[in-house]
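The values are calculated or read from the model by the stated rules, or taken from the named source; none is laboratory data. The shown structure was predicted, so the numbers you read here are calculated from the model rather than taken from an experiment. Heads up, the Cβs are rebuilt from the backbone with ideal geometry, glycines too, and the neighbour counts pull from every protein chain shown. Just the protein is used for accessible areas: all its heavy atoms, side chains included, with ligands, DNA and RNA removed. Shrake-Rupley method; radii C 1.70, N 1.55, O 1.52, S 1.80 Å.
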Amino acid sequence: MRTKSLVIFLTVMVAFFLASPSKSGVMAQETVLFKGETTASYLNVRKAPGTQSKIIGSLKKGSKVEIVKDGSWFKIKYKTTYGYVSAKYVKKVSVLTSKAESEKAVNKMKTVGKNQQFILVTTIGEKETNALIQTFSKDNNGKWKRVLSVNGIVGKKGIQQQISEGSQSTPAGRYTITTAFGRQKNPGTKLSYHRITSDDVWVDNINSKYYNTLQSKKKTGEKSEGMNIPQYDYGFVIDYNTKRVKGKGSAIFFHIAKGSYTLGCTAVSNDNVVSILKWLDPKKKPVIIQTVESDISKY
């Protein structure tokens, strides 16, 4: 009986230790949010966030790291465990800048099967204002091929899953592209094009029956967002909140960049806006997907 009890006890203990983290600190795998590169000549890796925490190792300048938790201290994969490093000394790096990697990622997407053109807007983190803007077309074999890759900007509060009027956030999601606009004459886009005048306003008044639509200031009396500004020399409408849900957000455009962020739109240089407008073709059912890079697999 004692032998049998001992065998049972040992079996239970082995199962317990196999199921538990080891003393070396090996933990269950966590999702990698983004990658980074260290910028300090010598960077301590600590057991917990904060300079008072125990040092468990160090990294040389230029070391590549995988970040699993964002914040002022990044939680990173470190050898067989996890550690923390100061975010001040780690530069976030996109894995999609490579043409091969970006095409590999977009060819796994499930939501663009019926489209032949799409624009991918990604940021490395939710609160980032710098974005990578890429355009893709399908080849004769039905595979996505990258056409253009440029830098751009998004909302002051980054790309967010939920936005509201005045939140200064760019909406995450997949949206159709149907209408272009500009203060200048049509640069050659095949999209429906509206030439902006000083009378044009995009209604951001949540109590207006014209909410989230382009209107004549004289005809409606609306005193909303004026469209006659340099950023709107060229652009197109991102078809967000087309059901015009009160307070869900309005005037979400793709336009010319000015400054280091927008108030919810997506923006690139004048030449790149024009290039993209000329490329867009309504017959190819173009869409735009805006997302934090770590969420790209959701599309």
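Data overview
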| item | result |
| --- | --- |
| Net charge, residue 270 excluded, C-beta distance under 15 Å - Lys, Arg +1, Asp, Glu -1 | +2 |
| Over 23 Å (Cα to Cα) - which of 54/79; 157/185; 54/75 fall in this group | 157/185 |
| Centre separation in Å (Cα based) which lies between the stretch 103-131 and the stretch 220-299 | 15 |
| Relative pair counts by distance (%), Cα atoms of the stretch 73-125, 5 Å bins | 4, 14, 19, 17, 14, 13, 11, 6, 4 |
| Over the stretch 161-279, relative contact order from alpha-carbon pairs under 8 Å, at least 6 apart, % | 30 |
| Extension gain, residue 178 back to residue 148 (0.36 nm per residue minus Cα-Cα distance, nm) | 8.8 nm |
| Given 114/138; 258/283; 69/91; 145/285; 35/77, the pairs whose alpha carbons are separated by over 20 Å | 258/283 |
| Calculated log₁₀ intensity ratio I(q)/I(0) where the Debye formula runs over C-alpha points of the stretch 122-261, q = 0.10, 0.13, 0.15 Å⁻¹ | -0.37, -0.63, -0.83 |
| Solvent exposure, largest accessible area first (probe 1.4 Å, DNA, RNA and ligands not counted), of 194, 255 | 194, 255 |
| Descending semi-axes in whole angstrom, ellipsoid equivalent of the stretch 83-169, from the Cα gyration tensor | 27, 18, 11 |
| Under 12 Å from the Cα of residue 156 - aspartates and glutamates, other chains or at least 8 residues apart | 126, 128 |
| Fraction of beta bridges assigned by DSSP in the chain that are antiparallel (%, nearest 5) | 75 |
| Over the stretch 228-299: Kirkwood hydrodynamic radius from C-alpha pairwise inverse distances, Å | 13.8 |
| Full-stretch length increase - residue 60, residue 223 - with 0.36 nm per residue and alpha-carbon distance subtracted | 53.1 nm |
| Debye intensity ratio I(q)/I(0), log10, the chain, q values 0.16 Å⁻¹ (C-alpha model) | -1.23 |
| Label-to-label distance, nm, for residues given as residue 100 and residue 127 (7 Å Cα→Cβ offset) | 3.5 |
| With all protein chains modelled, accessible area of residue 244 [1.4 Å, Å²] | 90 |
